[in-house]
Amino acid sequence: MHLSAQKGFILAFLVTLFLFAVVVECAPMKYQAKKRKGQNPDEDPMKYFHEAGYGDVLGHYDRRYFTGSAATYDAKADTLHHMIRAYLTTFRELNLETWIAHGTLIGWWWNSKLLPWDWDLDTQVSGSTMAKLRESHNMTFHNYTDMADDGTIIFREYLLDVNPFSTEGHKGDGFNVIDARWIDIRNGLYIDITALREVEPEIKPGIFSCKNRHDYKTNELWPMRNTFFEGVPALIPNSYEAILKSEYSPRVMTNTFHEGHQWNPGKKEWIPAGNRKVNHRAHVPRSLQSDSDEKRTGGLKNLARIFF
């Protein structure tokens, strides 16, 4: 084989491997182990939480309470609205420190409400709070009542379920990155609760991490800031803007169109945008993605530079 042809063949082979690695690495963190091992995570006996299916919809229902069909747009919004209100109120009453995180924190930044395209909610707690949940509140049911605008009494019940693998501080096989969930037992929608710990205090003192490898400095988290979210008292990290820019990009605080919704500055709300093209990529922190597009291009250029 001619030398240039050999180089071309080798380059093509390496590019194929590179693109395969990108696809695997870009998969949602909860399902990366499936991609790596070629098995269904729900068949793994070491996975604690099991979802109703995969993707942005079924992947956000607890399988035990899934009714067989996904909630409508309005029903989902109603479920998440009352679920976060119940969660924040209950934790405050129990004197358990928790704060909103990730995409839920983006929603707070815009208007102190949920992002209407989200299917679940994200909160965080400290490792010590997670220990309290595990020891004193695991598998407890919590009742919630509220009143609708028309005077109707709303009653809901939630399960606080703590993953027995919540004692671990490392990601492991990726099946148990979620430490606990607050689950609406009517339909299975839930809040993901993750713990932050000093995983390597000798090497990285004052750095708190979750199993998905988000790292936070102590002064980025504490002292927490008091605020409101969905109409009830809530906590947010001290350096919330720096955290959002690090996990996503500054664009999450400037882009006014996302997931088929347009920001309306007059109403201060995200409004469904009709026939505009929808970007179906959910909010995923950059630390959960393998690389930026620029880095991927650079990687291909580096491969070419090696052989030519």
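One table, with the values for the structure above:
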| read-out | value |
| --- | --- |
| Two-site FRET efficiency, K217 against L94, from Cβ-Cβ distance with R₀ of 25 Å, rounded to 0.05 | 0.35 |
| Hz values of 3J(HN,Hα) by residue in segment 183-193 - Karplus curve (6.51, -1.76, 1.60), Gly and Pro given as x | 10, 7, 6, 6, 9, x, 5, 8, 10, 7, 10 |
| Peptides ranked, highest mean first, by Cβ atoms within 10 Å: ranges 256-266, 175-185 | 175-185, 256-266 |
| Under-5 Å amide H pairs with R225, H placed in peptide plane, nonlocal only | I236, N238 |
| D44/T67 FRET efficiency (R0 22 Å; Cβ-Cβ; nearest 0.05) | 0.35 |
| Amide H contacts under 5 Å for G53, placed H, 5+ residues apart | G59, Y61 |
| Potential extension, E241-T256 segment - 0.36 nm per residue separation minus Cα distance | 3.7 nm |
| Least to most buried among T167, T104 (fewest other Cβ within 10 Å first) | T167, T104 |
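The numbers here are math on the coordinates, done by the rules we state, and not lab data. Because the structure is predicted, anything quoted here is derived from the model rather than measured. Ideal geometry is used to build each Cβ from the backbone, glycine not excepted, and the neighbour counts take in all protein chains shown.
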